[in-house]
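Okay, structure first, notes after.
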Amino acid sequence: MTRAGNRRAPVKEVGPDPIDVFVGLRIRMRRKTLGLTQSALAEALGLSFQQVQKYERGANRVSASMLVKTARFLDCPVSYFVDEDELAETPTGSVNDMMQPGALEALKAYTAIPPNRRLAVLNLMRSLAEDVDKA
């Protein structure tokens, strides 16, 4: 048997890489925060809106050059998309939760509440979430 015959092929993982998903979710979150459509981002980057969709889902990887262009257009540092501390500490699911319908609007509304009233709103939200868990 040849040396090549002894080697095992790497196991291909199913689905997109979690880091690609994280980067895509961060692109989506920043785009939505700025009130931009996928079409507007695509046009600015010279892409189709379908390609932006694939990036945001993590289905396609974003090249380094495209990530730099995206960061420039979205007016944020590249590290916003690939911050190692956040990648290590934040499970992809919690970032994905921010993309649930109404989540971004709720966060914007929460930050508009005077700081001395935020705890009451947070306690109400926790209470509502507990009611769902008990049901």
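The values are calculated or read from the model by the stated rules, or taken from the named source; none is laboratory data. Here the structure is a predicted model, which means the values were calculated and not measured. All Cβ positions, glycine included, derive from the backbone under ideal geometry; neighbour counts span all protein chains shown.
One table, with the values for the structure above:
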{"item": "When residues of the stretch 78-96 are limited to those that are surrounded by fewer than 11 Cβ atoms within 10 Å (Cβ to Cβ) and modelled with pLDDT of 60 or more, the one nearest to LEU45 (Cα to Cα)", "result": "GLU84"}
{"item": "Pair list, Cβ < 8 Å and 6+ apart or interchain, from the stretch 107-118 residues that are closer than 20 Å to LYS32 by Cβ and not assigned by TED's automatic domain parsing to the domain that holds THR33 to residues that are in a helix (DSSP H, G or I) and not hydrophobic (A, V, I, L, M, F, W, C)", "result": "TYR110/ARG118"}
{"item": "Residues that are surrounded by 21 or more Cβ atoms within 10 Å (Cβ to Cβ) and in contact (Cβ under 8 Å) with a residue 40 or more places away in the chain, drawn from the stretch 30-59", "result": "GLY58"}
{"item": "Top-ranked residue in the stretch 99-134 [being polar (S, T, N, Q) and not in a loop (DSSP other than H, G, I, E, B); ranked as modelled with the lowest pLDDT]", "result": "THR111"}
